[in-house]
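Here is the structure we will look at, set down as structure tokens.
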Amino acid sequence: MNFLKKMAITASAIAMLSVGAQAGEIKVGSAGGVTGPIAELVAAIVKGRQIATEHVNSNGGLLKGDTMKLVIADSACDPKAAVDAGNKLVNVEQVVGIIGPSCSGATNGMVSSVTIPAGVTVLSDSATAPSISELKDKDTVFRASASDAYQGKAIADMVWKAGKKKVAVTYSNDDYNAGIANVFVKEFKALGGEVTGNQAHEPNKASYRSELSTLAQGGPEALALFAYYGSSGITIVKNSLENGLFGKFYAADGMFDKSVIGQIGADNLKDNIWITQAASDTEDASYKNFAEAFKAAGGDPEAPYAAHGYDVAFLMALAIEKAGAADRTKISAALREVAGPEGEVVRPGEWAKAKKLIADGKKVNYQGAAGVNDFDANGDVTGLFSVNVVGDDGNWSRSMLK
Amino acid sequence: MDALYGYMLYGISLATMGGIYAVLTLGLNVQWGFAGLFNAGIAGFFGIGAYTTAILTTSATHRHIGGFEMPYIVGFLAAMLICGVIAYLVGKVCLRLRSDYLAIATIGIAEIFRLILKNETWATNGPRGVSEIPKPFEHWPEPWNQFGFLLLVLVVVAIVYVLVEVARKSPWGRVMTAIRENEPSAKAAGKNVENFRMEGFVIGCMIMALAGALMAHYLKFVDPNATDPLLATFLVWVMLIVGGSANNKGAILGAFLMWVVWSATEIVTSRLPDELAIRAAYIRIFLIGLMLQIFLQKFPQGILPEKRPDVAKSNGNAETKMAD
């Protein structure tokens with residue numbers, strides 16, 4: 001059993017390596033799908049987290065000059081791996097809090113099985129599934145990216161502001177689109193609008209004429225369309241235009257693709273379709289701070305969720321500073337205090353300023369690169385959305401939705 | 001934040017995952033170790049078990065079918081039963097294939113299952129997965145709930161081990177070995193080879209489904225990524241080969257050992273500088289492949305080689321009762 005002996009030696013070596021944190025080092029778990037299906041995206045997200053950590057450490061560090069140390073754990077976008085990674089971070093590394101993981105599934109597994117029972121605060125940068133809002137999490141699960149459901153509210157506001165009072169709704173019968181549609185209907189009615197018809201449709205049908213002619217009754221001014229462009233969205237727009245049933249369309253990001261213009265024609269869509277999308281406001285001062293630092297480090301600041309990655313690491317540092325100790329039980333409450341909406345605005349890179357404000361006992365309101373991080377009761381943020389219309393050049397033209 | 005307490009909790013999680021993998025590996029041992037069936041679609045059967053119990057035991061939600069709120073035991077039994085039926089149908093189509101072709105066919109079948117779970121959104125919530133699965137003992141205080149679940153897993157491992165061990169020593173097990181070693185001579189001895197292979201395949205798949213069900217309750221969440229072949233098929237193969245195929249103790253040893261290697265290596269790699277730590281995540285995968293190579297080439301029988309049951313003790317009556 002020579003092999004077993006070697007294994008025993010390896011195991012004891014591992015145990016010795018991992019005894020306790022070094023003095024003056026505060027560990028934060030950095031879980032992410034380093035391997036697995038979204039590994040390329042995660043590389044940029046992790047880079048964002050690292051840059052935020054460097055900003056913290058090179059501007060005075062945490063508390064009394066302690067360094068913030070991110071401990072990487074591979075959640076592989078797989079709930080099995082994420083639970084294992086979470087167990088190591090919480091129990092072996094004894095981290096103060098965890099940022100990540102990347103995928104909604106990995107987040108769901110890790111928080112349900114590990115961190116909620118252990119009372120460790122998790123702040124995810126890219127999990128967007130609505131089911132995470134509903135977890136009974138003792139206020140320990142937060143995220144810096146908007147739940148998909150928020151887009152429904154954003155669209156409702158946009159339609160109402162455009163002066164449309166009566167709309168018909170149709171959605172592809174899947175979790176994502178149904179979720180957005182439900183929120184849209186609720187919010188639009190709350191604003192005072194009227195929903196003349198609301199019908200689910202099955203994707204991949206050859207024609208939607210009968211559904212659309214039913215929906216066109218009652219005098220709707222526009223169609224709110226929640227579908228994927230490929231499986232039903234393009235067909236619905238085509239059928240509507242061909243038969244003169246609907247002329248104006250409001251849609252969520254499932255409809256955003258070049259092929260929509262390609263197949264329906266820019267002339268037909270110009271001034272007739274508005275498609276929302278989750279986005280960062282590239283004109284915002286916070287984003288510019290982040291983008292400059294990210295570019296200087298050799299990255300592309302427009303990489304998906306890289307800005308969110310920066311924000312979660314910075315927020316976690318602020319929460320530790322606010323809590324005044326590397327105490328995992330205090331992070332959740334502290335996180336709410338540094339995220340706003342009240343207090344003096346702190347932007348990416350302004351660690352020294354934030355540290356001073358907290359030392360002086362003033363309130364801090366971190367406005368992140370990816371948007372304001374005012375957490376609601378579920379620990380969610382509303383996020384920022386852009387709207388895409390067909391521009392003069394016949395391509396999509398994007399502007400921020402305010 | 002007591003470090004020792006933390007290590008103990010981590011130890012519990014290692015043992016729990018190791019135990020679930022031990023059940024999976026025992027299932028594979030029935031197929032490969034006993035009957036010589038090369039099943040490369042473990043993840044598929046594992047996924048069926050996980051989703052079955054997930055849907056049966058969760059409370060009502062608008063995300064997927066369900067709201068049955070069945071007791072755990074119903075979830076476990078239904079997972080095994082449904083997987084058994086599906087395995088029978090798969091076996092009808094695939095089992096006549098020779099070993100390497102069977103491997104290709106089962107990879108394909110596992111992929112089909114994964115795509116069904118991903119796309120039949122009305123039933124499974126598609127890529128978003130099934131969340132808020134209840135976990136046995138979860139209302140007990142820490143750390144007793146974790147101990148409770150570990151105990152449940154270990155009890156399941158023990159029951160499966162005893163049953164599989166009895167089967168191995170029985171005439172049924174010896175027919176299996178005969179088929180594995182020399183199919184024409186088993187046939188010549190009047191054994192219905194196809195039936196025996198089917199039995200081995202179905203029983204193995206049912207055990208895999210049981211492991212899937214345990215995993216679903218442990219994670220409290222399943223999604224199609226949980227049936228990713230790396231951690232649900234190939235790792236299981238490595239566990240069996242390293243532990244010793246056709247030896248049930250070896251299967252269990254291999255499962256615990258490889259899970260500890262897989263999980264604990266990250267504690268070392270996470271101490272590297274960030275850039276290296278990210279790359280080291282891939283080295284862990286490489287390490288698993290390397291171990292498989294070393295064992296296949298240097299110790300093809302694994303740590304605990306196969307031990308044939310003692311023929312002298314069990315001749316006589318048992319032979320005449322042997323099923324054909």
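At-a-glance table
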read-out: Nonlocal Lys pairs with alpha-carbon distance under 30 Å, region B:15-227 (8 or more apart, or different chains); value: 9
read-out: Packing-based ranking, highest mean first, of B:241-253, A:241-253 given that Cβ atoms within 10 Å are counted; value: B:241-253, A:241-253
read-out: Residue (of A:THR276, B:GLY108, B:GLN297) at the positive-pole extreme of the protein assembly as shown, dipole from beta-carbon charges; value: B:GLN297
read-out: Average other protein chain Cβ within 10 Å of Cβ, residues A:29-35; value: 3
read-out: Descending principal axes extents, region A:241-289, alpha-carbon based, whole Å; value: 49, 18, 18
read-out: Distance (nanometres) between label positions extended 7 Å along Cα→Cβ at B:GLU194 and A:ALA333; value: 7.1
read-out: Aspartates and glutamates whose Cα lies under 19 Å from that of A:LYS165, excluding same-chain neighbours fewer than 8 positions away; value: A:ASP157, A:GLU187, A:GLU194, A:GLU221, A:ASP271
read-out: Shielding by other protein chains, B:56-67, mean Cβ within 10 Å; value: 1
read-out: Kirkwood-type radius of the protein assembly as shown, with distances r between different C-alpha atoms, in Å; value: 27.5
read-out: Distance between region B:135-198 and region A:237-312 - C-alpha centres, whole angstrom; value: 54
read-out: Convex hull of region B:229-287 built on C-alpha atoms - directionally averaged projected area, nm²; value: 3.9
read-out: Global size of region B:1-112 as Cα Rg and Dmax, reported in angstrom; value: 17.6, 57
read-out: Charge context of A:ASN87, other residues only, Cβ under 12 angstrom, K/R +1, D/E -1; value: -1
read-out: Two-site label geometry, B:GLN301 and A:LYS64: point separation in nm, points 7 Å out along Cα→Cβ; value: 6.2
read-out: Estimated inter-spin distance, A:THR214 and A:ALA266, nm [label 7 Å along Cα→Cβ]; value: 3.8
read-out: Dipole-positive endmost among A:SER104, A:ALA377, A:ILE320 within chain A (Cβ charges, Cα centre); value: A:ILE320
read-out: Which of A:ASP125, A:ASP327, A:ASP257 has the fewest Cβ neighbours within 10 Å, and the rest in rising order; value: A:ASP327, A:ASP257, A:ASP125
read-out: log₁₀ of I(q)/I(0) at q = 0.13, 0.15, 0.16, 0.20 Å⁻¹ - region B:73-138, Debye sum with one point per alpha carbon; value: -0.53, -0.68, -0.75, -0.98
read-out: Ranked B:ARG128, B:ARG174, B:ARG308, criterion: other C-beta atoms within 10 Å, fewest first; value: B:ARG308, B:ARG174, B:ARG128
read-out: In Hz, Karplus ³J(HN,Hα) per residue of region B:276-290 (6.51, -1.76, 1.60; θ = phi - 60°; x = Gly, Pro); value: 5, 4, 5, 5, 4, 4, 6, 5, 4, 5, 4, 4, 4, x, 5
read-out: Simple Cβ-charge dipole of region A:263-392, Lys/Arg +1 and Asp/Glu -1, about Cα centre, in debye nearest 20; value: 680
read-out: About the Cα centre, charge dipole magnitude for the protein assembly as shown (Lys/Arg +1, Asp/Glu -1 at Cβ), debye; value: 1680
read-out: Anchor A:LYS356: lysines whose Cα lies under 29 Å away (excluding residues fewer than 8 positions away in-chain); value: A:LYS27, A:LYS47, A:LYS64, A:LYS69, A:LYS288, A:LYS295, A:LYS322, A:LYS330
read-out: For region A:49-150, the fraction of alpha-carbon pairs in successive 10 Å shells from zero, as %; value: 16, 46, 30, 9, 0
read-out: For region B:114-154, fraction of C-alpha pairs farther apart than 17 Å, in %; value: 51
read-out: Kirkwood Rh in Å, taken over region A:87-216 so that all alpha-carbon pairs contribute; value: 17.0
read-out: Radius, Kirkwood style, for region A:156-258 when every pair of distinct Cα atoms is counted (Å); value: 13.3
read-out: Farthest positive-ward along region B:15-227 dipole, Cα basis, beta-carbon charges - from B:ILE159, B:THR57, B:LEU95; value: B:LEU95
read-out: Sum of -39500 (n - 2.57) over DSSP H runs of 4+, divided by residues of the protein assembly as shown (222 nm, nearest 500); value: -16500 deg cm²/dmol
read-out: Set of aspartates and glutamates near A:LYS270 by C-alpha distance (under 12 Å), chain-local residues within fewer than 8 positions excluded; value: A:ASP392, A:ASP393
read-out: Average beta-carbon neighbours from other chains, 10 Å sphere, peptide A:128-137; value: 3
read-out: Rg over Rh, two decimals, region B:15-227 (C-alpha only, Kirkwood Rh); value: 1.01
read-out: Stokes-Einstein D (µm²/s) once Rh is taken as the Kirkwood radius of chain A over alpha-carbon pairs, at 20 °C in 1.002 mPa s; value: 95
read-out: Order of A:LYS362, A:LYS27 - criterion: other Cβ atoms within 10 Å of each residue's Cβ, fewest first; value: A:LYS362, A:LYS27
read-out: Dipole in debye (nearest 20) - chain B, about Cα centre, beta carbon charges: Lys, Arg +1; Asp, Glu -1; value: 780
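No value in this document is a laboratory result; all are computed from the given coordinates. As the structure is a prediction and not an experimental result, all values here were calculated from the model. Counting neighbours? That spans all protein chains shown, and the Cβs are built from the backbone with ideal geometry, glycine included.
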